[in-house]
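The values are calculated or read from the model by the stated rules, or taken from the named source; none is laboratory data. Everything numeric in this text was worked out from a predicted model, so none of it was measured. A quick note on method: Cβ atoms are made from the backbone with ideal geometry, for glycine too, and the neighbour counts reach across all protein chains shown.
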Amino acid sequence: MPKTGGVLILANHLADVDPIVVQVACPRPIHFMAKSELFEMPILGSLMRQFRAFPVKRGEPDRGSIKRAVQLLRMGEVVCVFPEGQLSEDGELQELKPGIALLARMAECEVICCGLQNTNRVMPYGSIIPRPSFR
């Protein structure tokens, strides 16, 4: 991880705990692109903003979120995107959304691919409470 300069982290998405895992592993603060529905929830939306997340509208091209990500990256910030656009129900890599290549090209920054494993065992698909331990 470069100490300075814009960095785009692309991570697969297995569980709701993935942003926490990525942030703990990264020595720099991360801005996360997250589905806009999360920001509509009173407590969660406030927490998302406090933890540097910004909304993206799914199911349609969202130029505003792409512009925000490019702006942050050009300012030398770290941005994490889950390019599958949703959690993987079966733990397998899903098809990537097409806007990711555009984002990487526009930002002209370092790109790091992050492969997460077993986070879906800590918090299985559809679960709202993490498991305290798993085998």
When restricted to ILE129, ILE112, the only residue β-branched (Val, Ile, Thr) and assigned to a loop (DSSP other than H, G, I, E, B) is ILE129
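Being of a type outside the set (S, T, N, Q), over 26 Å from GLU95 (Cβ atoms) and loosely packed, with under 15 Cβ neighbours inside 10 Å narrows it down to one of ARG49, ARG58, so name that one.
Selected residue: ARG49, the only one of ARG49, ARG58 that is of a type outside the set (S, T, N, Q), over 26 Å from GLU95 (Cβ atoms) and loosely packed, with under 15 Cβ neighbours inside 10 Å.
Within region 99-109, track down each residue that is of a type in the set (A, V, I, L, M, F, W, C) and not in a helix (DSSP H, G or I).
Quick first cut of region 99-109, residues of a type in the set (A, V, I, L, M, F, W, C) only: 100-104, 106-107, 109.
Residue satisfying the conditions is CYS109 alone.
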Of all the residues that make up region 1-34, how many are in contact (Cβ under 8 Å) with a residue 24 or more places away in the chain and assigned to a strand (DSSP E or B)?
-> 9
Tell me which residues, restricted to region 103-135, are loosely packed, with under 14 Cβ neighbours inside 10 Å, modelled with pLDDT of 80 or more and out of contact with any strand residue (DSSP E or B) (no Cβ under 7 Å at 6 or more places or on another chain).
-> ARG105, GLU108, GLY115, GLN117, ASN118
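How many of the residues in region 35-61 are outside any helix (DSSP H, G or I) and closer than 16 Å to VAL79 by Cα?
Within region 35-61, residues that are outside any helix (DSSP H, G or I) and closer than 16 Å to VAL79 by Cα number 7.
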Scanning region 1-46 for residues that are among the small types (Gly, Ala, Ser) and surrounded by 19 or more Cβ atoms within 10 Å (Cβ to Cβ) gives GLY6, ALA11, ALA15, ALA34
Condition check for VAL81: buried (at least 16 other Cβ atoms within 10 Å of the Cβ), of a type in the set (Val, Ile, Thr) and within 15 Å of VAL21 (Cα to Cα) | yes
Return yes when GLU89 is under 22 Å from VAL17 (Cβ atoms), assigned to a helix (DSSP H, G or I), over 14 Å from the mean Cα position of the chain (by Cα) and acidic (Asp, Glu) and no when it is not.
-> no
Would you please list the contacts, defined by Cβ atoms under 6 Å and residues six or more apart or on different chains, that run from a residue in region 76-101 that is within 10 Å of ASN12 (Cβ to Cβ) to a residue that is β-branched (Val, Ile, Thr) and surrounded by 13 or more Cβ atoms within 10 Å (Cβ to Cβ)?
-> PRO83/ILE100
